[in-house]
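Visitor: The structure follows.
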Amino acid sequence: AIIKSFYSGAVQQSITPYYVPIVYPLLGVPGNYQGWNPADSAFTIASVRSNDKYEGYMYFPDPNTEFKYTKGPSWDNNWGDDGANGTLDAGGANILAAEAGYYKLNVDLVGMTHAFLKTTWAVIGSATPGGWDNDTPMTYDATNKVWTVNIHLTAAGLKFRANGSWDLNYGDDGANGSLEAGGADITVPSEGDYTVTLNLSNPVYKYKLQKN
């Protein structure tokens, strides 16, 4: 038998890709610094693994900031801390951050515990003027919710760390622009003057190296 193949003319197709954002479970952080409004989604922390363990950063501009945690845009499910002992209590007392500043917040609704840590951020590494021995401090921009520094970098490595200690530091596993705690050194592609930006205001922490 003879098999013949037949071909039609080429047909053009237009395919429009769509970006589908990942929606993480959120926990509200209402307090006197934002008008005690649990419905304001600008003041939330996220559970990136959807496991009822939440983390995020919040800026408290004034000392003696009081806050609580809420699930949903109301006070129906809220937690404070009676006794300020790190244990969450349903409807409990306001949590107090005595000093103004930029805080890392962690909440575990499985173990019913929480912690908060005031942080200041810096870059460090062989690419920076201070090498691996001295931090180059960054400045917090409260309007854009990012940390920045203008710095001369060499084509080497750097990381971000908090409070002059390696206890809390971020690098970039996979060199994809997102940060991981204790991650790999970030490679600077070429020597020059850079604006370095650290963005911890979203569930996925990111950074940017912008050559000036």
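The values are calculated or read from the model by the stated rules, or taken from the named source; none is laboratory data. Everything numeric in this text was worked out from a predicted model, so none of it was measured. All Cβ positions, glycine included, derive from the backbone under ideal geometry; neighbour counts span all protein chains shown. Protein only, heavy atoms only, side chains kept; ligands, DNA and RNA dropped before computing areas. Shrake-Rupley method; radii C 1.70, N 1.55, O 1.52, S 1.80 Å.
Visitor: Just the ratio, please: alpha-carbon radius of gyration of segment 49-90 over 2.2 N^0.38 Å, N its number of residues.
Guide: Ratio of Rg to 2.2 N^0.38 Å for segment 49-90: 1.32.
Visitor: Per the Debye formula with a single identical scatterer at each Cα and no solvent contribution, what log10 I(q)/I(0) holds for the chain at q = 0.18 Å⁻¹?
Guide: Taken in order of the listed q values, log10 I(q)/I(0) reads -1.25.
Visitor: Taking 8 Å as the Cα distance limit and 6 or more residues as the minimum spacing, I'd like the relative contact order of the chain as a percentage.
Guide: The value is 14 percent.
Visitor: Find the accessible area per residue for the chain; the probe is 1.4 Å, ligands and nucleic acids are left out, and the unit is Å².
Guide: 57 Å²
Visitor: Which of Gly31, Gly92, Ala122 sits closest to the plus end of the dipole of the chain, meaning its Cα is farthest towards the positive end, when Lys and Arg get +1 and Asp and Glu get -1 on the C-beta?
Guide: Positive-most Cα among the choices belongs to Ala122.
Visitor: Once every Cα of segment 78-160 carries one equal point scatterer and solvent is ignored, give the base-10 log of I(q)/I(0) from the Debye formula at q = 0.14, 0.22 Å⁻¹, two decimals.
Guide: -0.66, -0.97
Visitor: So, with +1 on the Cβ of K and R and -1 on the Cβ of D and E, and no other charges, what is the size of the charge dipole of the chain about its Cα centre, to the nearest 20 debye?
Guide: 820 debye
Visitor: Identify all lysines with a Cα-Cα distance to Lys71 below 19 Å; exclude those on the same chain that are fewer than 8 residues away in sequence.
Guide: Answer for Lys71, where 19 Å is the Cα cut-off: Lys53, Lys104, listed by chain and number.
Visitor: Okay, next question. Can you give me the relative contact order of segment 122-169 as a percent, contacts being Cα pairs under 8 Å and 6 or more apart?
Guide: It comes to 41 percent, rounded to a whole number.
Visitor: Can you tell me what percent of all Cα-Cα pairs in segment 94-212 are more than 23 Å apart?
Guide: Result for the distance tail: 30 percent.
Visitor: Let me have the relative contact order for segment 128-203, percent, based on Cα pairs under 8 Å that are six or more residues apart.
Guide: 33 percent
Visitor: What does the charge add up to near Asn94, with Lys and Arg as +1, Asp and Glu as -1, over the other residues with Cβ less than 12 Å from its Cβ?
Guide: So the surrounding residues net to -3.
Visitor: Can you tell me which lysines have their Cα less than 19 Å from the Cα of Lys208? Leave out same-chain residues fewer than eight positions away.
Guide: Within the straight-line limit of under 19 Å, Lys208 reaches these lysines: Lys145, Lys159.
Visitor: Once neighbouring chains are kept in place and the probe is 1.4 Å, which whole percent of the accessible area of the chain is contributed by carbon and sulfur?
Guide: 51 percent
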